[in-house]
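Participant: First, the structure itself, so that you have it in front of you.
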């Protein structure tokens, strides 16, 4: 069995002889033209998510950042990679839209429901404090007859909505929203079915995107 690096090298060769060769002019244009993505995508680091494929996005359309649990720390609490990406995307690139995208079977959300699973992962445990309020709300909304799947689905949705609230505390986002230069939305992507459910700004209801427009 080939090792991980050999598999990556094989993938590069397939890319060079396939997708790149078929779209060489597009890639060359992208290399010589400043990027102008229309959307900042904040999604989970889960290796099963390929957000460019899910959205049929071409190179240069999405400015993407990924982290455990698709979290957005409120401004000032954890200034770092996520806050820098947001500021750059809004102020330097002028994105028109920001998405916070969660997904089914999320390990971070499972960990929130089972805190002891994080005992050997202190850094992850600290990071997931940015989702703690969603966990509290989801538990308050839980019903006695709900399955574990139902509870995980609700927590995933509440987390996305919480991160949208955090997102709006960032000065660049607040300013662009006030000037109506920016919109935001929350998504949940189902790994097994390909379904994407979206809560547009101001809504807490996630509605599935249909197969046809």
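Derivation of every value follows stated rules applied to the coordinates shown; laboratory data play no part. What you see is a predicted model, and the numbers here were worked out from it, not measured in a lab. Counting neighbours? That spans all protein chains shown, and the Cβs are built from the backbone with ideal geometry, glycine included.
Participant: Where is the GNM fluctuation largest for the chain (alpha-carbon springs, 10 angstrom cutoff): 140, 78, 109?
Facilitator: Comparing 140, 78, 109 in a Gaussian network model of the chain, the most mobile one is 140.
Participant: Could you check the simple spin-label distance between residue 165 and residue 87, using points 7 Å along Cα→Cβ, in nm with one decimal?
Facilitator: About 2.5 nm, to one decimal.
Participant: Any chance you could get the radius of gyration and Dmax over the Cα atoms of segment 49-108, in Å?
Facilitator: For segment 49-108, the Cα-based Rg and Dmax read 12.6, 34 Å.
Participant: With each run of n ≥ 4 DSSP H residues scored as -39500 (n - 2.57), what mean residue ellipticity at 222 nm is computed for the chain after dividing by its residue count and rounding to the nearest 500 deg cm²/dmol?
Facilitator: For the chain, the value works out to -11500 deg cm²/dmol.
Participant: Continuing with the same structure: Working out 0.36 nm times the residue gap between residue 116 and residue 78, then minus their Cα-Cα distance, what length gain in nm do you get to one decimal?
Facilitator: In short, 11.3 nm is gained.
Participant: Quick check: the distance between the Cα centres of segment 179-213 and segment 118-167, to the nearest angstrom?
Facilitator: One Cα centre to the other: 19 Å.
Participant: Between residue 150 and residue 105, what length in nm is gained on full extension when 0.36 nm per residue of separation is reduced by their alpha carbon distance?
Facilitator: Taking 0.36 nm per residue and subtracting the Cα distance, the gain is 15.1 nm.
Participant: Give the order of 187, 127 when sorted by the count of other beta carbons within 10 angstrom, beginning with the fewest.
Facilitator: 127, 187
Participant: When the chain is treated as a GNM, springs tying every alpha-carbon pair under 10 Å, which of 119, 105, 145 comes out with the largest mean-square fluctuation?
Facilitator: Taking springs between Cα atoms under 10 Å, the residue moving most is 145.
Participant: For the chain, compute Rg over Rh where Rg is the Cα radius of gyration and Rh is the Kirkwood radius from the inverse mean 1/r over Cα pairs. Display every interim value, and only then the final one.
Facilitator: Numbers: Rg = 18.6 Å, Rh = 18.7 Å.
Expressed as Rg/Rh, it is 0.99.
Participant: Gaussian network model of the chain, Cα springs within a sub-10 Å range: biggest mean-square fluctuation belongs to which of 58, 74, 108?
Facilitator: It is 58.
Participant: If you don't mind, another one. Please arrange 128, 62 by counting, for each residue, the other beta carbons lying within 10 Å of its beta carbon, fewest first.
Facilitator: The most exposed by this proxy come first: 62, 128.
Participant: Using the C-alpha atoms of segment 108-149, what convex hull volume per residue, in cubic angstrom, is computed?
Facilitator: 65 Å³
Participant: Okay, moving on. Apply 1/(1 + (r/R0)^6) to the Cβ-Cβ distance of residue 26 and residue 205, taking R0 = 30 Å, and write down the FRET efficiency to the nearest 0.05.
Facilitator: 0.20
Participant: Quick check on the exposure proxy: order 149, 170 from fewest to most C-beta atoms within 10 angstrom.
Facilitator: Lowest to highest Cβ neighbour count: 149, 170.
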